[in-house]
Every structure is written in structure tokens, then in C-alpha cells.
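The values are calculated or read from the model by the stated rules, or taken from the named source; none is laboratory data. Everything numeric in this text was worked out from a predicted model, so none of it was measured. Because the Cβ atoms are built from the backbone with ideal geometry, glycine has one as well, and the counts that use them run over all protein chains shown.
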Amino acid sequence: MSATRMCVVCRQALDQDEGLRIVLGPEGIAALDFRQKLPGRGAWVHWTRSCMEQLNQRGRLNRAFKTDVRIPEAVEGEEPFPMGPARRWVERRQKELLALGQRAGQVKTGANVVLGVVRKGQAEYLVLARDTGETVARDWEHKARGYELPLYRTLLGAGELGEALGRTGVRSVLAAGGGPLSRALQTELKRGAAFL
Ligand SMILES: [Zn+2]
């Protein structure tokens, strides 16, 4: 797996974590290989809005697969391929990993708890709900800078966050510590930034 992967849009090299893999399904229909495990030839695109939006232009996929590639139709109310399905997948992964991470003690919520974790130096990064108000967001951005922690926005609103974490009520901020679930969540948070 040491071969260099290249984004078919910007032609820059990409790491596996920052790449979305596309494979050819039955009848030449493009499909997204989120787990990056399907056999056969694959094409890669960056998990960024600018690269994903240009994927279907200028016959890029035809050239990558050396055949006529058909693009799946967009689900009503969603953005076109690959953004719609990619966003849906990232949202679901963020929910799953938040719930698993919390159960494993790698994700903490509640403003006071989060602050305690940050002050003890046990946080790797902070997460804000998508709909966090400006004043609250600015306050946490300030704290994150002070403690030199990355801060991400999830695609989930505060209500969805509370639900994903099995709490009654809303959750606007959380702290993630070390651990494999926390690292997997961080990858999905970076990917999700393409849809904010
Ligand atoms: Zn790219």
C-alpha cells in the first residue's frame, strides 16, 4: 500500500485519511468505497468541497477508469454525487464514534467537565455542535487557542449530539482524549469540514 495516491481533480498526492475512494460498481456506475477495502481499480479525490465538486466534470472519472462511468443520481434534497452520500456517511460515522467514544471514556461532555479535562491536559481536541451560538463558540475558540488544542465543528446540532451521547437535553461542547476511537472521530471531523 505504499503506492502514492493522487487526487483525480487537483492531481496532488493525498494520504489515505484525506482521500475518498471511488470504485466502479455493476454496470459501470461509480460507487463510494468509504472503508477503502473494495477490490479492483480505485480513483481518489480529496475530502474537500472544492475537489469533490469538480469530480464529475471534464470526464475525470472516465479517464481514471478508462471507460464510460455513470454517476448515480442524487437523492432528493441532497447534493449531487459524491457530496450527498459522502455527507450522509460522515454524519453517521460521527454519531457512531461519539457514542462509542463516550462509552469508552474517550469523549467527555458538559461544559464544566470539558473544562476540567482541558485544564488537566487530558484533552487532545475539542468539538462544538454545528449550531453553537457565536458567543459560546468564540469563548471555546479562545480556550482552544490558549491550550493549543484543535477545535472542530461536528455536522450534528446540539440536540443530535445529546441524543447520540444518550443524554437528555442538548450538548454543545465536548472534549476528546487519547485513544483509537478518539482518533477515528478526529478523522471524520476533518472529513466533515467539507460540508460545513
Ligand atoms: Zn484534490
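Brief remarks follow.
- T67 passes every criterion in (1) outside any helix (DSSP H, G or I); (2) of a type in the set (V, I, T); (3) closer than 21 Å to C51 by Cβ apart from (3).
- Selection status of W89, closer than 17 Å to T154 by Cβ, among the aromatic types (F, W, Y) and crowded, with 16+ Cβ neighbours inside 10 Å: yes
- First in region 111-124 and closer than 20 Å to L161 by Cα, second anywhere and β-branched (V, I, T) and at pLDDT 95 or above, Cβ under 8 Å, 6 or more apart: A111/V173; V114/V173; A123/V114; A123/V117
- Residues of region 14-35 classified as away from the ligand (no atom under 16 Å from the Cβ) and not in a helix (DSSP H, G or I), total: 9
- Matching residues, region 47-62, being over 26 Å from the mean Cα position of the chain (by Cα) and either at pLDDT 95 or above or within 17 Å of L14 (Cβ to Cβ) (or both): N62
- R11 of a type outside the set (V, I, T), more than 22 Å from S182 (Cα to Cα) and either within 16 Å of the ligand (Cβ to nearest atom) or not assigned by TED's automatic domain parsing to the domain that holds P150 (or both): yes
- Hey, W89 at pLDDT 95 or above, in the same structural domain as E188 (by TED's automatic domain parsing) and either not in a helix (DSSP H, G or I) or not basic (K, R) (or both) or not: yes
- Positions within region 153-174 being in a strand (DSSP E or B) and crowded, with 20+ Cβ neighbours inside 10 Å, in sequence order: V173, L174
- Residue in region 36-47 that is near the ligand (Cβ under 9 Å from one of its atoms), closer than 13 Å to P82 by Cα, of a type in the set (A, V, I, L, M) and part of a strand (DSSP E or B) present: yes
Rundown of residues vs (1) farther than 25 Å from R5 by Cβ; (2) outside the structural domain of R11 (by TED's automatic domain parsing); (3) aliphatic (A, V, I, L, M); (4) touching a Cys at 6+ places or on another chain (Cβ under 6 Å), yes/no style:
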{"position": "C51", "(1), (2), (3), (4)": "no, no, no, yes"}
{"position": "L55", "(1), (2), (3), (4)": "no, no, yes, no"}
{"position": "T67", "(1), (2), (3), (4)": "no, no, no, no"}
{"position": "E79", "(1), (2), (3), (4)": "no, yes, no, no"}
{"position": "E96", "(1), (2), (3), (4)": "yes, yes, no, no"}
{"position": "Q102", "(1), (2), (3), (4)": "yes, yes, no, no"}
{"position": "Q106", "(1), (2), (3), (4)": "yes, yes, no, no"}
{"position": "H142", "(1), (2), (3), (4)": "yes, yes, no, no"}
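- Among the residues of region 175-196, just one is in contact with a Phe, Trp or Tyr (Cβ under 6 Å, 6 or more places away or on another chain) and not in a helix (DSSP H, G or I), namely A176.
- Residue in region 106-116 that is buried (at least 18 other Cβ atoms within 10 Å of the Cβ) and assigned to a helix (DSSP H, G or I) present: yes
- Applying a threshold of 7 Å to beta carbon distances and a minimum spacing of six or more residues, or different chains, the list of pairs starting in region 92-108 at a residue that is at positive phi and ending at one that is at pLDDT 95 or above and assigned to a helix (DSSP H, G or I) is empty.
- Subset of region 14-67 [in contact (Cβ under 8 Å) with a residue 40 or more places away in the chain, over 23 Å from A194 (Cα atoms) and touching a helix residue (DSSP H, G or I) at 6+ places or on another chain (Cβ under 7 Å)]: L24, T67
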